[in-house]
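Remarks on the structure that follows.
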Amino acid sequence: MKDVLEGLRSKDMEEASASLYELEGLLRRSRVGAEAIGPLCELLSHGRDEERARAIWCLGKLGQNKIGDPRAIPAVLDFADDPSAENRENSAWAMGELAGAGVGDDASLSALIDMLDDLDDHVKAMASWSLGRYAQKLGKSDARCIERLEIMKGSSSSYLRKSAEFALELIEQGPSEGI
Amino acid sequence: MRTRCLWRAADGRCSNCKAKRIRLDVLKLPDYERCEPERDYEECEFFIEKPVPRS
């Protein structure tokens, strides 16, 4: 594990990429903890686009494994307006996963609301899902998002419609007990 | 015609973390982890054709 984390810090991007591959495998098996967050954030600051995109996925996966850290939020937020739709979708997904680990702030909530206006349906739907998670897991919501979600509920795409319904249902329910 | 998805594992499970969240939470599919090509491929928003290896 130590080698993997040190590899993420390497300035040699081939070495960092190989370590990232190892880390992705460990994350899929839930074998990594909060010790990976620092090296991942460092990689986000100096990596190539490819490694940075994969590092965002890793931060989301850590959140899914219930490992959250406030340092992950600004890192993930950096991708909220990335030119790549897949990176924006991953950013929204990672925010929703991190919310499940108790991490999320007003800036990320605001970014998710802005993503409801994204041109890509995958980004919009994932932002809706994350906004539902923010309401459920963090008790965070905003009138601006309700208005946009109501509009999305009338979409001709069932995918968008159901995503909006999911978010609105959780916003109405409010935070879950014991989370 | 969608035939082979990049995310479908050999045991039939979906290996796309985002897709699984949507399948479970948004679409409320009871067997959200499993994917049946004939039933699911045409409708799945996360379907990506699996690349054919170069010979």
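The values are calculated or read from the model by the stated rules, or taken from the named source; none is laboratory data. This one's a predicted model, so the numbers in the text were calculated from it and none came from an experiment. Here Cβ is always computed from backbone atoms with ideal geometry, including for glycine, and neighbour counts include all displayed protein chains.
Data for the structure
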| read-out | value |
| --- | --- |
| Any hit, the range A:44-63, residues being within 12 Å of chain B (Cβ to nearest Cβ) and charged (D, E, K, R) | yes |
| For residue A:144: the one exception among (1) part of a helix (DSSP H, G or I); (2) modelled with pLDDT of 95 or more | (2) |
| Entirely in the range A:1-77, the helices (runs of 4 or more DSSP H) that have 3 or more residues that are farther than 29 Å from residue A:134 by Cβ | A:2-8, A:13-28 |
| Candidate set: the range B:14-31, residues that are in a loop (DSSP other than H, G, I, E, B) and more than 7 Å from chain A (Cβ to nearest Cβ); chosen: the one nearest to residue A:129 (Cα to Cα) | B:28 |
| Residue within the range A:25-32 that is β-branched (Val, Ile, Thr) and touching a Cys at 6+ places or on another chain (Cβ under 9 Å) present | yes |
| Qualifying residue in the range A:92-110 (condition: within 24 Å of residue A:71 (Cα to Cα), within 11 Å of chain B (Cβ to nearest Cβ) and surrounded by fewer than 24 Cβ atoms within 10 Å (Cβ to Cβ)) | yes |
| Residue tally, condition more than 17 Å from residue A:119 (Cβ to Cβ) and either of a type in the set (D, E, K, R) or at pLDDT 95 or above (or both), over the range A:155-167 | 5 |
| Qualifying residues in the range A:80-91 (those that are over 18 Å from residue A:135 (Cα atoms) and within 14 Å of chain B (Cβ to nearest Cβ)) - the one surrounded by the fewest Cβ atoms within 10 Å (Cβ to Cβ) | A:85 |
| Qualifying residue in the range A:119-137 (condition: crowded, with 24+ Cβ neighbours inside 10 Å, away from chain B (no Cβ under 14 Å), in contact with a Lys or Arg (Cβ under 7 Å, 6 or more places away or on another chain) and without any contact (Cβ under 8 Å) to a residue 40 or more places away in the chain) | no |
| Only listed residue being more than 11 Å from residue A:27 (Cβ to Cβ) and among the basic types (Lys, Arg), chosen from A:61, A:66 | A:66 |
